[in-house]
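To start, the structure itself, in C-alpha cells.
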Amino acid sequence: MMDLATAHPAQSAIATADEAIRVENLHKSFGHLEVLKGVSLTARRGDVVAIIGGSGSGKSTCLRCINFLETPTSGRIVIGGEEIAMRADGTPASRKQLERVRSRLGMVFQAFNLWTHRTLLENVIEVPVHVLGVSKAEAAERAMVLLDRVGLADKAATYPAFLSGGQQQRAAIARALAIDPSAMLFDEPTSALDPELVGEVLTVIRDLAAEGRTMLLVTHEMKFAREVADHVIYFANGRIEEEGPPDQVFGAPRSERLKQFLKSVS
Amino acid sequence: MIELLSLSPPGWGGNLLRGLLHSLEIAFGAFGFGLLIGLGGACGKLYGGPVLRDLLAVYTTVVRAVPELVLILILYYVGTDLLNKASEAMGYGRVEISGVAAGIWVLGIVQGAYATEVLRGAIKAVPSGQMEAARAYGMPPFLMLRRVTIPAMMPFAIPGLANLWLIATKDTALLAVVGFNELTQETRQAASSTRAYFTFFLAAGALYLMVTLLSGSVFARIEAWARRGQPSLRKAAT
C-alpha cells in the first residue's frame, strides 16, 4: 500500500471516528423543484450501503451531494469525522478543504468519465501524481497492480475510446482505487453498460466489497445489491422511504411504495 | 528577372526574405498573444462574474465589428500616443516604439477577440463528465484547466486556431499602412524601385503560399496528436 498520509494532515478525530460518511438532513432544490427533502444516512467504515429507488427519486443527487458535485441547499456532510464547511447557501466554504476531502473519495460514474486524452495508465496515475504528490514511478507501479487486478494490465497503454464500456468502467474503478480512497462512491456504475458487460464490472465491485471497502452504491441491480450490501436504503420522492438489512428490505418490505417498486423491477 | 530576386544587392530577394521574417515574427507573436487573451477571455466568459462577462462581450463584439485595417490604425496611433503621454508624464520624454512590438500588440488584440470565441466554443464542446471527474478527484481549478480542460478541448479548437494563424500571417500585410517593413511593404518598395511589379508580387504571393502550406502540415500533426485518444472518423466509416 502506498502511504498517502503525508499528503494529508491528520484529520480531526472525533467520537464518530468509525463513521466514514455521515449525511444529516440534506436538502437539495433545483429552482422550485425540491429533489432531496431531508435525507440522513450513515456509512461506517467497511460498510457497503446500497441505495435503490426509481428514477427521479433523488438517489443519484444524494450521492453527488456527498462530494459536492451538486451543491446541497442545506444539511451537513461529514466525511471521516470531518465536516465539510458550508456557507449559509450550501456552497462549500473552503475550496482547499473540499479538494482535500474529494481527493480521498473514489468516485465511479455512470458514464465512466475517463479522461479521453490519456491512456488507462495515465488516467490511473493522474490524481496520485498531480493532486496527491506521489512520484510518477511509484504511482505507475501501483497503477499497474490495480490495472492487473481489474484485468486490464495489457491495456495500460490504450486510450479509453478504444475499449468496451465494461473495460472502461473497470479502468475507472482502478482510477478510484489509485487514490487509496477512504470511501468509494458508485453512481449507477452499470447503468450505461450493455447487458453482457454488466457481470464483469459487478465482479470487480463484489471483490472490493469482500475486502471491506467502504462503499456507497447507487444501483439498479437489485440482486447484486441484496448480495453485497450490509445496508439497503430505498429512496422515493426525495426521502428515505425505507431502509434496513438487505434481507429485510428485499424479503419483507413494509412500505407499500417499496413493494410496488420491487415488483416493478423484478 | 532572376537577378532581380537574387539574395544580394542589386537583387531584392534578401529584402523580401527579411520582410517575410518580420511578418512571421509578428504573426507568431500576435498569435501567441491572441491565444493568451483568448484563453483568459474564454474562461472569463464561461466562468466569470456578470461584470467580467459583459466587459468581454464588449471586447469581442467591438473588435470583431470594426474592420481590421481601421482597428490597426486606431490601436497603433492611440496606443503609441498613450504610451508617449504616459512616458512624458513620468518625465522620460517620448519613446521610440518598435514596429514589431506594436504589430504584435495590435494584431494580438484582434486575434484575441476571435480566439476567445474559438476557445469558448471548444471548451463547451468538451463532454462535461471530463471536468466533473477532475472536480470529483479534488483537482484545483488551475490544475484542471491545465491537465483536463485544455487538452480535452484541443481537438475542437485546432481547426479554428489554424484559421486564426493563417489570418495572422496575412494580417501582417495590413501593418504596411503604419510603415512597418513586413513582406508586403518590402515587396512594394522593390517593385516600385525596379518597375518589376509582376515579378515581385508573384514572388511575395509564392512566399505567402509556402507559409500556408507549411502551416497546414504542422497543424495537421498537432491535430493528430490532440486527437490521439479518439478513434479516427475515417477508420470508423469503413
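The values are calculated or read from the model by the stated rules, or taken from the named source; none is laboratory data. All figures in this text were calculated on a predicted structure; none of them were measured in a lab. Cβ placement follows ideal geometry from the backbone for every residue including glycine, while neighbour counts extend to all protein chains displayed. For accessibility, only protein heavy atoms count, side chains too; no ligands or nucleic acids. Shrake-Rupley method; radii C 1.70, N 1.55, O 1.52, S 1.80 Å.
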Practice item. Please give the number of the condition B:I97 fails out of (1) open to solvent by less than 50 Å² (accessible area, probe 1.4 Å); (2) in contact with a helix residue (DSSP H, G or I) (Cβ under 7 Å, 6 or more places away or on another chain); (3) part of a helix (DSSP H, G or I); (4) farther than 17 Å from B:W165 by Cα. Key: (3)
Revision key, fill the gap. B:R228 fails exactly one of (1) within 14 Å of chain A (Cβ to nearest Cβ); (2) open to solvent by 20 Å² or more (accessible area, probe 1.4 Å); (3) part of a helix (DSSP H, G or I), namely (3)
Review point. Which residue, of A:H32, A:H8, A:H27, is over 24 Å from A:K96 (Cα atoms) and at pLDDT below 95?
Key: A:H32
Review point. Where in the stretch B:1-81 are there helices (runs of 4 or more DSSP H), lying wholly inside it, with at least 1 residues that are surrounded by 15 or more Cβ atoms within 10 Å (Cβ to Cβ) and at pLDDT 90 or above?
Key: B:13-47, B:50-65
Point to revise | Given (1) within 13 Å of another protein chain (Cβ to nearest Cβ); (2) surrounded by 21 or more Cβ atoms within 10 Å (Cβ to Cβ), index of the condition A:L163 fails | key: (2)
Revision key, fill the gap. Residue pairs qualifying under the 7 Å Cβ cut-off, at least six apart or on distinct chains, with the first in the stretch B:138-154 being within 21 Å of B:R227 (Cβ to Cβ) and the second being outside any helix (DSSP H, G or I) and hydroxyl-bearing (S, T, Y), are B:A152/A:T116
Practice item. Spot the failing condition for A:D154; the list is (1) within 23 Å of A:A225 (Cα to Cα); (2) among the acidic types (D, E); (3) free of Cβ contacts under 8 Å to residues at least 12 places away in the same chain, and only one is missed. Key: (1)
Revision key, fill the gap. Within the stretch A:63-81, the residues that are within 23 Å of B:S128 (Cα to Cα) and within 14 Å of chain B (Cβ to nearest Cβ) are A:L63, A:R64, A:C65, A:I66, A:N67, A:F68, A:L69, A:E70, A:T71
Check your understanding: So A:L146 clears everything in (1) within 21 Å of the chain's Cα centre (by Cα); (2) away from chain B (no Cβ under 14 Å); (3) not in a helix (DSSP H, G or I) except one condition, right? Which one?
Key -> (3)
Exercise for review: Look at B:F201 and say whether it is surrounded by 14 or more Cβ atoms within 10 Å (Cβ to Cβ), among the hydrophobic types (A, V, I, L, M, F, W, C), touching a helix residue (DSSP H, G or I) at 6+ places or on another chain (Cβ under 9 Å) and within 28 Å of B:E117 (Cα to Cα).
Suggested key: no
**Study point:** Scan of the stretch A:89-136 for residues that are outside any helix (DSSP H, G or I) and touching a strand residue (DSSP E or B) at 6+ places or on another chain (Cβ under 8 Å), ordered by number
**Key:** A:G90, A:P92, A:A93, A:R104, A:L105, A:G106, A:M107, A:V108, A:F109, A:Q110
Practice item. Select from the stretch A:174-221 the residues that are among the basic types (K, R), open to solvent by 20 Å² or more (accessible area, probe 1.4 Å) and part of a helix (DSSP H, G or I) and list them in ascending order. Key: A:R206
Practice item. Please find, within the stretch B:126-167, the residue that is surrounded by the most Cβ atoms within 10 Å (Cβ to Cβ) out of those that are more than 7 Å from chain A (Cβ to nearest Cβ) and not in a helix (DSSP H, G or I). Key: B:V126
Check your understanding: A:G151: more than 9 Å from chain B (Cβ to nearest Cβ), closer than 20 Å to A:L193 by Cβ, in a helix (DSSP H, G or I) and at pLDDT below 95, yes or no?
Key -> no
Review point. In the stretch A:82-127, how many residues are crowded, with 19+ Cβ neighbours inside 10 Å, more than 10 Å from chain B (Cβ to nearest Cβ) and under 18 Å from the mean Cα position of the chain (by Cα)?
Key: 2
Check your understanding: What are the residues in the stretch B:168-187 that are surrounded by fewer than 17 Cβ atoms within 10 Å (Cβ to Cβ) and more than 28 Å from B:F219 (Cα to Cα), if any?
Key -> B:V177, B:G179
Revision key, fill the gap. Note on A:A139: of the conditions (1) touching a residue at least 12 places away in the same chain (Cβ under 8 Å); (2) surrounded by fewer than 20 Cβ atoms within 10 Å (Cβ to Cβ); (3) more than 12 Å from chain B (Cβ to nearest Cβ), unmet is (2)
Practice item. Consider B:I123 carefully, then state whether it is in a helix (DSSP H, G or I) and within 12 Å of chain A (Cβ to nearest Cβ). Key: no
Study note, to complete from the structure: Every listed condition ((1) surrounded by fewer than 13 Cβ atoms within 10 Å (Cβ to Cβ); (2) of a type in the set (D, E, K, R); (3) over 18 Å from the mean Cα position of the chain (by Cα)) holds for A:R239 save (1)
Point to revise | Set A:L208, A:L197, A:L258, A:L202: member being free of Cβ contacts under 8 Å to residues at least 40 places away in the same chain and in contact with a Gly (Cβ under 6 Å, 6 or more places away or on another chain) | key: A:L197
